[in-house]
Amino acid sequence: METTQQATASAFVESIKAQFPEQLKQSRGTLVGNASYLNFPTQREEDWKYTGISFLQKEKYNFSRFTETIDISAFRQDKNAALIVFVNGFFRSDLSSELPEGLQFSDSVNHEFPEIGERKNMFTGISDAFFTGGIHIQVKKSVEKPVEVLFLSAGGQSVSVVKNHIEISKSASARFRFLFRSADSSSYLTNSITTIHVSANAQFELDQLQFESPAATHYNRTDVTQHRDSKFSINTFSLDGKLIRNDLNIISEGENTETHMRGLYMVNGQQHVDNHTLMDHRVPNCYSNELYKGVMDGKATGVFNGKVFVRRDAQKINAFQSNANVLLSDDARINSKPELEIYADDVKCSHGSTTGQMDEEALFYLRARGIGEESAKKLLIRAYAGEVLDAISDESFRLYLEELIDSRFHWNNV
Amino acid sequence: MAYEGDELLDEITNSEYKYGFVTNIESEMAPKGLNEDIIRFISAKKNEPEWLLTWRLNAFRQWQKMTEPSWAHVDYVPVDYQDIHYYSAPKPKKELSSLDEVDPELLKTFEKLGISLDEQKRLTGVAVDVVMDSVSVKTTFKEELAKHGIIFCSMSEAVQEHPELVRKYLGTVVPVSDNFFAALNSAVFTDGSFCYIPKGVRCPMELSTYFRINEAKTGQFERTLVIADESSYVSYLEGCTAPIRDEHQLHAAVVELVALEKAEIKYSTVQNWYPGDKDGKGGIYNFVTKRGICLGDHSKISWTQVETGSAITWKYPSCILKGNNSIGEFYSVAVTNNKQQADTGTKMIHLGKNTKSTIVSKGISAGYSNNSYRGLVKIAKGATNARNFSQCDSLLMSDKCGAHTFPYIEINDKSAKVEHEATTSKIGEDQIFYCNQRGIETEKAISLIVNGYCKEVLNQLPMEFAVEAQKLLAVSLEGSVG
């Protein structure tokens, strides 16, 4: 029997299916039908306990290849970086630049992807069936220049379903930057799913900037597999959007891997940011470190759920996890759930979670030295966010983020 | 001179469950199964007033609509709720006669625990209300307590003699529909302890009850209610023991604490029920709902628990900090060995202003066991200047066990300051080596290190419990060194 949740999900999926370009339907085959059997996530599920998305039921989204001219220079950070552009989930070769040697790129719409089996939900189902593009890249040898991938939404009520696949070959290294931006302040849905394979002895850094329109909904899932002696870093900055949900799953499959997960979420108004992370240590002798920091203003809500999983016999694991939150207003909220699930004994694992407000004494100290209230608050928040920002290896990108953060908040109201 | 009850006490206060034994007291049992007639039978047996029967039946009807929770990190053979005797009472005349009935091996265990029977008898500062298979057999020190106006009696007695107090507070902290096991308990509870400390009274002694599951195949459904009136203080001890059983036994108790203005309740538990054998056969299912409410301003509730027994533990002693400036504390040591599973922790619900809570949880897993901390810290909107500190440490003693931490932190007020930290690590090899080098054998060294690790919690226990608990830790971890 179909449950209400299934009925809701299939209604939602059907509304998307109806808009899905005919020519793509053929290539997706049965996956188009499979998407609708999934449940619509409700807050009765542990995974969605603090994040309600029922408002999506009222939304009607469409797939639109935005053909008007857009000046994308405002959305990119580094004019020298290699650039790949997607608008509303469709690849735009006219806006993209030449790619450096060592990268083998194609639009993922030309590829077949296996159905997402583990931890699937309605969004992964939609992605399996209805993706319209994405990057499919193999990094064959080390690339010095950062690669920028711009996912732009424009025109309103659009749905961008992208599927990315990045493979870093043995001993290669690369830096990628995903920029999720909007050309206007309209409502739309971004559904981005990325799988990353970091081969033995390879290094990969991914910076994600989620600076969507204030009315946008963003579902993001990143599945990473790390092999022997590899290093992977991910930095996620969630700065604007109505609702952002990030699912990050990292599996360490080879020994001696190093993993860094960092996140900064700064939201105000009615915004909602939910970060779910899972670090799955399957083999011994690995290191992982996680740091997520949040600032909530207005009526914003932050959710953090980080899990460190150490499998049986995965000995000598050092795994650390930390989540810090600052609430700036009376109506701001935070729900934090750091988890450890450990089945091996010779490990060092810890997690910490703190929540507080702006330090009155530090503020007083600055003000007593003639620094205005607004500047003082800005300074304190910057210092607080600095711990995450400092992890970015590219200084110009870090400065760019700092500017974005300043432009977002009007600290005099804090 | 000591009366008959003392021997009984001696047996049940301390033991390692290598040698369980059954007390042969003729029971008056209700037939197996659960339906409205059984509830009426229990209620009639206990000569209860009409309102209580209605209350029970209401709980039963709610229970029927509920499903057993499955979110805990435990795995067990489901309980057949129709295969349990919900009432069994020892016939009042017959009591356990003498020490001769005690297994000599058991006496050796007592010796190992370092508590001689004579010494036990001298622990006169402890008043004990013995709950044996659901009906209070003996109540001691009642007169002494009565002098201070303190009411300390069995729940069934309280229902008869102080119905107004029972009616006023029963089910106010843990409502009948709170959860599956609480609803079941509300429907079928047979006895338990009741305690009322009047205004301004500081209870002169540690109050305690010892529970014992005795009759085969009886579920134990205790109901405890402690009320501390304005400016009063009480320290309440609870210790649990049970003999060996092949079949799983269910224990679904409810404990409710009410602290009025400026009152303080300290509730300590040493739980050492039969954990099942090495292969996880047998053992108690411990599904307990414990909750206290700091109703008045400046009140305080402190939970301390040492959990070493039971096959499955599902227990979250909680505090609702409703009064302004109220304080909640939770100190816990949970030890699991062999195939034991524990999912335990606390909830701190901050509602009043300037409320404070502290959580210190120490988990120790050995053998093939799984030990989880699951806790909630909730700061409601308007609970200004709330403060919480949580620390959850886990110690792993074998490569086949698991240690897990699932804290939930929900903050709805910007003035809140909440800190949570957790660590998981192995028992230090260098520490063991250090001890070995000084001629301390590994087993003793581990006991030493574990006791040091738990010190923060053990220090919260009243003196005699602390001694007992330390030895209990050593006994529980026996043979866990791989």
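For the reader, a short list of remarks on this structure follows.
- One residue stands out in region A:358-377 among those that are of a type outside the set (Gly, Ala, Ser) and open to solvent by less than 60 Å² (accessible area, probe 1.4 Å): the one that is farthest from the other protein chains (Cβ to nearest Cβ), namely A:Ile371.
- Residue match in region A:184-205 (condition: of a type in the set (Asp, Glu) and more than 16 Å from the chain's Cα centre (by Cα)): yes
- For region B:427-457, filtering for residues that are in contact with a Ser or Thr (Cβ under 9 Å, 6 or more places away or on another chain) and aliphatic (A, V, I, L, M) leaves 3.
- Residues located in region B:70-86, provided they are among the aromatic types (Phe, Trp, Tyr), within 14 Å of chain A (Cβ to nearest Cβ) and either open to solvent by less than 50 Å² (accessible area, probe 1.4 Å) or closer than 21 Å to B:Gly276 by Cβ (or both): none
- Checking every residue in region A:302-311 against the condition of being within 7 Å of chain B (Cβ to nearest Cβ) and not in a strand (DSSP E or B) gives zero matches.
- For region A:386-410, taking the residues that are of a type outside the set (Ser, Thr, Tyr) and in contact with an Asp or Glu (Cβ under 8 Å, 6 or more places away or on another chain), the one that is nearest to A:Ile234 (Cα to Cα) is identified as A:Ile392.
- Among the residues listed as A:Gly125, A:Gly155, A:Gly117, A:Gly102, the single one being of a type outside the set (A, V, I, L, M), touching a Phe, Trp or Tyr at 6+ places or on another chain (Cβ under 7 Å), in the same structural domain as A:Gln26 (by TED's automatic domain parsing) and at pLDDT below 95: A:Gly155
- Residues located in region B:440-471, provided they are modelled with pLDDT of 80 or more, within 26 Å of B:Lys266 (Cα to Cα) and out of contact with any Leu (no Cβ under 7 Å at 6 or more places or on another chain): B:Gly452, B:Lys455, B:Glu456, B:Val457, B:Leu458, B:Asn459, B:Gln460, B:Leu461
- Residue match in region A:332-343 (condition: open to solvent by 20 Å² or more (accessible area, probe 1.4 Å), out of contact with any helix residue (DSSP H, G or I) (no Cβ under 8 Å at 6 or more places or on another chain), at the interface with chain B (Cβ under 9 Å from one of its Cβ atoms) and under 21 Å from B:Tyr373 (Cα atoms)): yes
- Taking region B:188-200 as the range and being out of contact with any strand residue (DSSP E or B) (no Cβ under 8 Å at 6 or more places or on another chain) and β-branched (Val, Ile, Thr) as the test, only B:Val188 passes.
- The combined condition, being open to solvent by 10 Å² or more (accessible area, probe 1.4 Å) and within 9 Å of another protein chain (Cβ to nearest Cβ), is not fulfilled by B:Asp430.
- Exactly one residue out of B:Gly375, B:Gly328, B:Gly345, B:Gly402 is open to solvent by less than 10 Å² (accessible area, probe 1.4 Å), under 28 Å from B:Met463 (Cα atoms), more than 16 Å from the chain's Cα centre (by Cα) and within 14 Å of chain A (Cβ to nearest Cβ), and it is B:Gly375.
- Top-ranked residue in region A:349-383 [being in contact with a Phe, Trp or Tyr (Cβ under 8 Å, 6 or more places away or on another chain) and at pLDDT 90 or above; ranked as nearest to B:Leu376 (Cα to Cα)]: A:Ser353
- Set A:Asn285, A:Asn289, A:Asn256, A:Asn325: member being more than 14 Å from every other protein chain (Cβ to nearest Cβ) and in a strand (DSSP E or B): A:Asn289
- Residue match in region B:352-362 (condition: open to solvent by less than 10 Å² (accessible area, probe 1.4 Å), among the aliphatic types (A, V, I, L, M) and within 26 Å of B:Asn185 (Cα to Cα)): no
- Residue under evaluation A:Phe320, criteria (1) more than 10 Å from chain B (Cβ to nearest Cβ); (2) open to solvent by 60 Å² or more (accessible area, probe 1.4 Å); (3) not in a loop (DSSP other than H, G, I, E, B), criterion not met: (1)
- Flag if B:Thr423 is closer than 30 Å to A:Asp297 by Cα, of a type in the set (Ser, Thr, Tyr) and within 14 Å of chain A (Cβ to nearest Cβ): no
Residue-by-condition table, conditions (1) charged (D, E, K, R); (2) modelled with pLDDT of 85 or more; (3) part of a helix (DSSP H, G or I); (4) farther than 24 Å from A:Ser187 by Cα:
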residue: A:Ile16; (1), (2), (3), (4): no, yes, yes, no
residue: A:Asn34; (1), (2), (3), (4): no, no, yes, yes
residue: A:Asn39; (1), (2), (3), (4): no, no, no, no
residue: A:Asp47; (1), (2), (3), (4): yes, yes, yes, yes
residue: A:Ser64; (1), (2), (3), (4): no, yes, no, no
residue: A:Glu68; (1), (2), (3), (4): yes, no, no, no
residue: A:Asn80; (1), (2), (3), (4): no, no, no, yes
residue: A:Leu83; (1), (2), (3), (4): no, yes, no, yes
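- Here the condition is being within 10 Å of another protein chain (Cβ to nearest Cβ) and farther than 19 Å from B:Trp303 by Cα; of B:Ser390, B:Ser476, B:Ser415, it holds for B:Ser415 alone.
- When the criteria are applied in full, A:Phe131 fails the requirement of being in the same structural domain as A:Phe63 (by TED's automatic domain parsing), aromatic (Phe, Trp, Tyr) and over 18 Å from the mean Cα position of the chain (by Cα).
The values are calculated or read from the model by the stated rules, or taken from the named source; none is laboratory data. This is a predicted model, so every value here is computed, not measured. Don't worry about glycine lacking a Cβ; one is built from the backbone with ideal geometry, like all the others, and counts go over all protein chains shown. Please note that ligands, DNA and RNA were not included when accessible areas were found on the heavy atoms of the full protein model with its side chains. Shrake-Rupley method; radii C 1.70, N 1.55, O 1.52, S 1.80 Å.
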